[in-house]
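Okay, so here's the structure we're looking at.
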Amino acid sequence: MPTVAAALVFVAGLIDIVSAVTPEWRSRLEVLRQILPGAASRQAAAFTVVVGLLLLLLARGLRHRKRRAWHGVVALLGASVVLHVVKGLDFEEAAASAALIIGLLLTRREFQAKGDPTTRWRALWVGLTLVAASVTVGMVLLRMGAGRLVGPHPLSAQVTHIVEGLAGIHGPLRFSSERFSDLVTRVLLAMGLLTIVTVVYLALRPPEPRPRLSTDDIERMRALLARHGDTDSLGYFAMRADKTVVWSPTGKACVAYRVVSGVMLASGDPLGDNEAWPGAIREFLRIAAEHAWIPAVIGCSETGGKAWERAGLTALEFGDEAVLDVTAFTLEGRDMRNVRQAVGRVERAGYTYRAQRMRELPAEERERLKAQAEAWRGTETERGFSMALGRIGEPADDDCVVVMAFDRGADGHSTDGHSTDGHSADDDRGRDPGGDDAGGDDAPGDGCTPQLRALLHFVPWGRRGLSLDLMVRDRDADNGLNDFLIVSAVRAAGKLDVERLSLNFAFFRSALERGQRLGAGPVTRWFRWLLVFLSRWFQIDSLYRFNAKFQPEWSPRYICFPANRDLPRIALAMLEAEAFLVWPQLGLRPVLRRILPSRRRRPTC
């Protein structure tokens, strides 16, 4: 019903605009002029155009069942009935608008979606600001064309002319130049339309509540992870600071989410007892329906996908997670030759590693690690939503693991007590194939003994697993450190009591793999070509190749969505959430950050 109503309202808006710009019946105008002056008819026609434009704008909100849009449409249709009669006794258009009002009143229960209370006040203040700016622009125009004004033009007449011009009505002032008169009319009408469109957009924009995880939420989520954390490698990422959580009625399960561009985006499987998942999922879908958000899930497992499918969503495989079984991992064999050679190369360069739980590091070293990771990332946007924690070194994350790579000291000898295999990483020097550019200011051998050159940060995956969170390194370090650290993490697994490692996520892995096989069809080959082309910006192919070198087990991951028509909007929300798509920021701070040179403090030993 909301979709049908939105379509009818959109048509009604078009009818209003067409009716206002087409000539009226002369016989009806003659009858009307016996009752009302001709100026009233012309003004009513101008107002009808504005009403039609507003109906076109509100139709989208009506399709999303917005209560505010319903109120606005009913009010505008009521005004449309009156305007059609006043502008030319157009009873047919007036009757159509009245019938639509009756239909909306009868179906008012269908339009109950809530809006964000803050957008209402934002729309009000922005509207007042734009009106003030429009009046100012109008006064400047009239001052510039003061010599073209005909007859008296007091300040009150100028203000009246500007206000009426914002609504598309020619005011009381007259000009000696028709060109200048047209300029004033068009500028004022453009300012008025800009004000209307902006206010309506802000009033009906899908709310994006500020993410919030209370202390109680975090404690309860940690308790669920302690009991059920083995089921999903992405479970720990539910405690990102930019997520909100919704709980099942029993409190035994929850779904972490973030609202992005009107999409209620969850990540991973629901957290907790899978018997309580349906309750958390129902609550998630209820909140989405209440606010007219599109519910979607990114990165859930097969078990989670089945749970979301039972709730009415559609599951679609869109990639695989690389998982290493550390008990079976080996560098032997032909398939691991490149890795094995890289390990020897980095070892010969004198690199060493250290793997520790964060609880084992003093607070000062945690702060240095955090500062160094930020310095290596530089000005690049931090990516991640479904497989990134977004922080390092916090006291609450004591179970996390950091694996650090050190180079040789100033005397050319190894300086750390742990020597291990190294391994060639990505082909692009200094770039993590799974995420950020890493940049640093220090070169090997500057006198620091030892010197940190790269690090991996893992979050817990239940009791016996780790999930890769962060991978950064010094841009000037030897090629291969990222791979070196992954192998080092495998070798340190026994000391850390770890049996499995979850690495980077490979988008559309199966499509990339099938597309290069002998006998692949033209559609498969074309899709693989497209993915490789997009890898210039999104590292799709490089992530797959990086993970595949370790011969991992591939665990499929899915996205879940309500309908195919929602996929484009969900895809944009996913890109925005994962920071692959970053909208430009307005303000001086981002500009100054790019213009002024950054001064990074050299890391101390």
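The values are calculated or read from the model by the stated rules, or taken from the named source; none is laboratory data. Note that the structure is a prediction, hence the values are computed from the model and not measured. Reconstructed Cβ throughout: ideal geometry from the backbone, glycine too, with neighbour counts over all protein chains shown. These area figures cover heavy atoms from the full protein model, side chains too; ligands, DNA and RNA do not enter into them. Shrake-Rupley method; radii C 1.70, N 1.55, O 1.52, S 1.80 Å.
Regarding Asp474, is this residue among the acidic types (Asp, Glu) and touching a Lys or Arg at 6+ places or on another chain (Cβ under 6 Å)? Spelling it out, Asp474 is indeed among the acidic types (Asp, Glu) and touching a Lys or Arg at 6+ places or on another chain (Cβ under 6 Å). Of all the numbered requirements in (1) out of contact with any Cys (no Cβ under 9 Å at 6 or more places or on another chain); (2) of a type in the set (Ser, Thr, Tyr); (3) under 18 Å from Asp469 (Cα atoms), Ser261 misses one, and that requirement is (3). For the stretch 104-113, a tally of residues being assigned to a helix (DSSP H, G or I) and open to solvent by less than 30 Å² (accessible area, probe 1.4 Å) returns 1. Of all residues in the stretch 231-244, those that are farther than 15 Å from Val259 by Cβ and assigned to a loop (DSSP other than H, G, I, E, B) have Cβ atoms under 9 Å from Cβ atoms of residues that are open to solvent by 10 Å² or more (accessible area, probe 1.4 Å) and among the polar types (S, T, N, Q), 6 or more apart or on another chain, in Asp232/Ser301; Asp232/Thr303; Ser233/Ser301; Ser233/Ser555; Leu234/Ser267; Leu234/Ser301; Leu234/Ser386. Can you spot a residue in the stretch 480-497 that is over 14 Å from Ala355 (Cβ atoms), surrounded by 23 or more Cβ atoms within 10 Å (Cβ to Cβ) and of a type in the set (D, E, K, R)? For the stretch 480-497, residues over 14 Å from Ala355 (Cβ atoms), surrounded by 23 or more Cβ atoms within 10 Å (Cβ to Cβ) and of a type in the set (D, E, K, R): present.
Checking each residue of the stretch 255-269 against the condition of being over 23 Å from the mean Cα position of the chain (by Cα) and farther than 25 Å from Arg63 by Cβ gives no match.
Which is part of a helix (DSSP H, G or I), free of Cβ contacts under 8 Å to residues at least 60 places away in the same chain and over 26 Å from the mean Cα position of the chain (by Cα), of Leu189, Leu193? From the options Leu189, Leu193, the qualifying one is Leu189.
Within the stretch 532-549, restricting attention to residues that are under 18 Å from Met336 (Cα atoms) and of a type outside the set (D, E, K, R), which residue is surrounded by the fewest Cβ atoms within 10 Å (Cβ to Cβ)? Of everything passing the filter in the stretch 532-549, Ala548 is surrounded by the fewest Cβ atoms within 10 Å (Cβ to Cβ). Please tell me if Ala563 is surrounded by 20 or more Cβ atoms within 10 Å (Cβ to Cβ), farther than 30 Å from Pro450 by Cα, under 26 Å from the mean Cα position of the chain (by Cα) and at pLDDT 80 or above. So Ala563 fails the test.
Hey, does the stretch 512-531 have a residue that's part of a loop (DSSP other than H, G, I, E, B), free of Cβ contacts under 8 Å to residues at least 60 places away in the same chain, touching a Leu at 6+ places or on another chain (Cβ under 9 Å) and open to solvent by 30 Å² or more (accessible area, probe 1.4 Å)? There is no residue in the stretch 512-531 that is part of a loop (DSSP other than H, G, I, E, B), free of Cβ contacts under 8 Å to residues at least 60 places away in the same chain, touching a Leu at 6+ places or on another chain (Cβ under 9 Å) and open to solvent by 30 Å² or more (accessible area, probe 1.4 Å). Screening Gly268, Gly251 for residues that are at positive phi and surrounded by fewer than 20 Cβ atoms within 10 Å (Cβ to Cβ) leaves exactly one candidate, Gly251.
Residues that are more than 30 Å from Ile287 (Cβ to Cβ), open to solvent by 20 Å² or more (accessible area, probe 1.4 Å) and at pLDDT 80 or above within the stretch 68-91 comprise Gly78, Ala79, Val81, Val82, Leu83, listed in sequence order. Listed conditions (1) open to solvent by less than 60 Å² (accessible area, probe 1.4 Å); (2) part of a helix (DSSP H, G or I); (3) touching a residue at least 40 places away in the same chain (Cβ under 8 Å); (4) not polar (S, T, N, Q) are all met by Arg557, apart from (2). Note on the stretch 532-544: residues that are in contact (Cβ under 8 Å) with a residue 40 or more places away in the chain and of a type outside the set (Gly, Ala, Ser) amount to 4.
Taking first residues from the stretch 146-161 that are under 16 Å from Glu178 (Cα atoms) and open to solvent by 70 Å² or more (accessible area, probe 1.4 Å) and partners that are assigned to a loop (DSSP other than H, G, I, E, B) and modelled with pLDDT of 80 or more, the Cβ contacts under 9 Å between residues at least 6 apart in sequence or on separate chains come to Val150/Leu173. Checking Arg65, Arg42 one by one, the residue that is touching a strand residue (DSSP E or B) at 6+ places or on another chain (Cβ under 6 Å) and either open to solvent by 70 Å² or more (accessible area, probe 1.4 Å) or modelled with pLDDT of 75 or more (or both) is Arg65 and no other. Filtered by the rule that a residue be under 20 Å from Glu110 (Cβ atoms) and at pLDDT 80 or above, the stretch 45-62 gives Leu55, Leu58, Ala59, Leu62.
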